1. By the scheme Lys and Arg +1, Asp and Glu -1, what is the net charge of all other residues having a beta-carbon under 13 Å from that of GLY311?
2. Using only alpha carbon pairs under 8 Å that are at least six residues apart, calculate the relative contact order of the chain and give it in whole percent.
3. Expressed as an acute angle from 0 to 90° and rounded to the nearest 10, what is the orientation of the C-alpha long axis of helix 233-257 relative to the principal long axis of the chain?
4. Show me the trypsin sites (Lys or Arg not before Pro) within the range 134-232 that DSSP assigns to loop and that have at most 13 other Cβ atoms within 10 Å of their Cβ.
5. Per DSSP helix of 4 or more residues, -39500 (n - 2.57); summed, then divided by the residues of the chain. What does that give at 222 nm, rounded to the nearest 500?
6. Report ³J(HN,Hα) in whole Hz for each residue of the range 134-142, in order, from the Karplus equation J = 6.51 cos²θ - 1.76 cosθ + 1.60 where θ = phi - 60°; Gly and Pro get x.
7. Largest first, please: the extent of the C-alpha atoms of the range 210-334 along each principal axis, to the nearest Å.
8. State log₁₀ I(q)/I(0) for the range 82-177 at q = 0.10, 0.20 Å⁻¹ as given by the Debye formula over alpha-carbon point scatterers of equal weight, solvent excluded.
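Each value in this text was obtained by applying a stated rule to the coordinates, not by laboratory testing. What you see is a predicted model; the values in this text were computed from it and never measured. Every residue, glycine among them, receives a Cβ derived from its backbone with ideal geometry; neighbour counts consider all protein chains shown.
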Amino acid sequence: MEESVKKYVSNCKLMGVGENRYIYFPKFRCMKKILFLLLLAAVYFSASAQTKYDKNWALIEATYQIGDYKKAFSALEKFKKKSFKKLGNNNPYLTRYYMMIAKCDLASGMFKEFEANLKTAISTSIAVNTENSKSHGLVLLEAGELYTRNGSCKIAMQYLTDAKVIFTKGGFFGEDTKARWEVAQAEMLTGQGFYRQASELLLANSGYFAGRAVKQETYVDDKGNLKSRRLPDEELAKRYDDYCRALTSLGRCYGRQGKLRSADSAFGFVTSWANRNLGQTSLPYVRNQFYNAKMLKENGNETLPKDLDLGRMLNNLKSKHKPSHFLAVEIFEE
């Protein structure tokens, strides 16, 4: 018996100093390996589940973008039922869920529901993101953009002001956030008749958006080396849209201000650029043509050029978007 104990102890790792010695049995090594593997498995399945949720959310975003709001509502409810029980009440998708519901409400003309769900999105953001976070500031910024689209510019102004306070105090006003906020601010100011301030903001940011509207960009890596990368299609489409939106907003601002030549110049540039880079069936192209046509009609032009024909631009839009898209509805009602 004594010999077998000595043999067993000799196969163990001894730890400690002096007389206080502790035997580390081999089975504990196995336990550590098992726990480590279980931890890796948990991380893997958690990342896998997150990827699945992200993919499902991307499909909802795509459904909203093409104007299929009925399908988007249905997809949102399915997403809520399948994921929220697992993720809990204060999950990272909760604010996005209510914000998307609000966006679909607004696009569908359900204004009371829009306001109610937007308020829920904001209160949820405070609970999930905290009130002074950049994430909450971006929620308020988007709220301001939506209210401007709805024509409620005074309410939009308050949300944009609150967002700016968060960005400024927290040091969150990076180039991208600042440019987006200033375009939103300019659109709100245009809606209130402050055309000079609005045009100054839009002109100041046009160069920034032009510099980002490229298929490939150069950046500095962690080691200080210059690298280049090709932008993913989704990111490139977003940058192209941002650029066209800023210049179309500038054209609308000039048009309302009575500077019709400047407005024609802005609209004309977007027509050429969007046609070359995105095509006539793209949302930025059709949006620009619609607001150009609207400006001309408001200034007494009864006969419009062929490329500004409302029926033609509606057909162009419907080739990639649903007839229920809010821009299609605006064109049809015009």
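1. Details: positive: LYS306, ARG312, LYS318; negative: ASP307, ASP309, GLU334.
With Lys, Arg at +1 and Asp, Glu at -1, the neighbours total 0.
2. Numbers: 327 pairs, mean separation 37.1, N = 334.
Here the relative contact order equals 11 percent.
3. Once rounded, the angle reads 30 degrees.
4. Working: sites: LYS134, ARG149, LYS154, LYS164, LYS169, LYS178, ARG180, ARG196, ARG212, LYS215, LYS223, LYS227, ARG229, ARG230; in loops: LYS215, LYS223.
Those satisfying the criteria are LYS215, LYS223.
5. Details: 14 runs with 248 residues, N = 334.
Result for the chain, helices only: -25000 deg cm²/dmol.
6. 4, 4, 5, x, 5, 5, 5, 4, 5
7. 60, 34, 20
8. -0.27, -0.97
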